[in-house]
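Heads up, the thing below is written out as structure tokens.
Only the coordinates and a few stated rules stand behind these numbers; no lab work does. Worth saying up front: this structure is predicted, and the values here are computed from it rather than measured. Cβ coordinates were reconstructed from backbone atoms using ideal geometry, including for glycine residues, and neighbour counts include every protein chain displayed.
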Amino acid sequence: MTFDEFPFNEAIKDGLRAMNFEQPTPVQEHTIPVILAHKDVISCAQTGTGKTAAFLLPLLHNLLTDNHAENKINAIIMAPTRELAQQIDQQMEGFSYFVPISSVAVYGGNDSKAWDVQKNGLTKGADVVIATPGRLLSHINLHKIDFSGVKYLILDEADRMLDMGFFDDIMRIVKHLPADRQTVMFSATMPPKIRELAKTILISPEEIKIAISRPPDSIMQAAYICYESQKLPIIKELFSTKEPNKVIIFAGKKQKVRELALILKRNGLKAEAMHSDLEQHERDHVMHEFRNGHINILVATDIVARGIDIDDITLIINYEVPRDVEDYVHRIGRTARAEAEGMAITLVSQEEQFRFKHIEDFLEKTIYKIPVSPEIGETPAYDPKPPRGKSTNPRFKNRSRNNNNKGAYPRLKNKQHNNNNKQHSRQKHAD
Ligand code: AMP
């Protein structure tokens, strides 16, 4: 189907054309009609599936066609991280270019000027508030904010918000909102705690489940089975033959992220660290430099695993096997976005083999194991066993074979990129 088949207001159709959106993605096709019908929805969708537009477009349409209260907050969109809130705000800018709807983004980590802009937007009644829960609560605690006009509440990446401990904050915010509202929830996974939240704040929701959270086939997945000490040499070798371009290396701990970025920089690579200890302006700067290609390698914690909207990432490297399958899917979902192709490589140490096998089981496929080059040395065999029964028998070791794949990762199709995040000027309440 095409977007023309939705009964969207003309101004929204103009926005869609400006953004080069022609065909809705599956999550958009299924979710948009339900939101347009003002029903509560719980939609199970991963990042990269087009979920942002799936809620922004019908929200804007509903705001335009229903009587919406001028100078009051009409809609609240909550997101777990600043990065995701920023990204929603950017898509909002694109879509609302032709639409007289104001919005304000409310997230932490910025300066006092930004705080004042947020306060203005909240107290003077921006139509749409895009917020992280903690920051919104800080404003609620300090200022008198009128929520009586709120008719729409959208929770994006609800599972992530609960993982980050935002359940109580969400409930505190919800208490301020009128009961007569439409509530829409997006979540990549549906664990029991999400169902509990849904039961508490949604009324007879329609459940939309697009697909099990599995990475798209357009992501080529591979792994190196190695010793922990071989991980760095493998990465260095990978980048020695071909200059990396838009690569994200994920590591679990901030300390590791800092170390890795430093080592790569010392090796002459354009790498930067991205983690939650950075100030907001530093994060913005790093992301900006990464987007425009001044930085080739972003070494990051999971803070950027979800929701970050850079659609020309060519390679994701998991320096460690992620803790759970969901993290794996979200991390590698940073590549191959919007129908592009990408590659994801996981470095699997002996201790991590069992965890990696779990991921393979979940994906119901065997991930290709790239042979480690002989210069790096012998590697352990892939013999995943539960942690207690790990085999240390040297028989299981194998000699690595010649590596014909050396430096082969970026052999990917050239892609056309849409610049969907053009800086449009927009009516912004708080500016
Ligand atoms: P999201 O899952 O919302 O983060 O979207 C992932 C990327 O796909 C973003 O860059 C969107 O701008 C883009 N996108 C979403 N829906 C469409 C669509 N129907 N046509 C083209 N690009 C889209």
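Of the three principal axes defined by the Cα atoms of the stretch 134-268, the extents in descending order read 60, 38, 25 Å. Using the Cα gyration tensor of the stretch 221-277, with a ≥ b ≥ c the square roots of its eigenvalues, what is the shape: rounded (a/c below 1.5), prolate (a/b larger than b/c) or oblate (neither)? In terms of gyration-tensor shape, oblate. Once you order the gyration tensor axes a ≥ b ≥ c over the Cα atoms, which shape class does the stretch 89-175 get: rounded for a/c under 1.5, otherwise prolate or oblate by comparing a/b with b/c? Rounded shape, in that the Cα axes give a/c under 1.5.
The distance between label points at ASP277 and LYS175 comes to 3.6 nm (points 7 Å beyond Cα on the Cα→Cβ vector). In terms of the mean number of neighbouring beta-carbon atoms within 10 Å, the peptides 30-37, 73-80 order highest first as 73-80, 30-37.
Would you mind classifying the stretch 35-154 by shape? Square roots of the alpha carbon gyration tensor eigenvalues, ordered a ≥ b ≥ c; an a/c under 1.5 is rounded, otherwise it is prolate if a/b is larger than b/c and oblate if not.
On the way: a/c = 1.64, a/b = 1.24, b/c = 1.33.
Oblate, because a/c is 1.5 or more while a/b does not exceed b/c.
Normalised by 2.2 N^0.38 Å, where N counts its residues, the alpha-carbon radius of gyration of the stretch 186-332 equals 1.19. The alpha-carbon atoms of the stretch 143-213, seen along their principal axes, cover 41, 25, 16 angstrom, with the largest extent given first.
Modelled spin labels at SER229 and ASP66, positioned 7 Å past Cα toward Cβ, are 6.3 nm from each other.
Using a Förster radius of 35 Å, what is the FRET efficiency between GLU375 and ASP324 based on their Cβ-Cβ separation? Nearest 0.05, please. If you can, show how the numbers build up before the last one.
Working: r = 34 Å, r/R0 = 0.96.
Efficiency, rounded to the nearest 0.05: 0.55.
Pick out, in residue order, every one of the chymotrypsin sites (Phe, Trp or Tyr not before Pro) in the stretch 91-178 that is DSSP loop and has at most 14 other C-beta atoms within 10 Å; say none if there are none.
Here no chymotrypsin sites (Phe, Trp or Tyr not before Pro) fit, given the DSSP loop and packing criteria.
Per the Kirkwood formula on distinct C-alpha pairs, the Rh of the chain is how many angstrom? Show your work: numbers first, answer last.
Working: mean 1/r = 0.0438 Å⁻¹.
The answer is 22.8 Å.
If r is the Cβ-Cβ distance from GLN23 to LYS385 and R0 is 41 Å, what FRET efficiency results, to the nearest 0.05? It would help to have the intermediate numbers written out before the result.
Details: r = 46 Å, r/R0 = 1.13.
Approximately 0.35, to the nearest 0.05.
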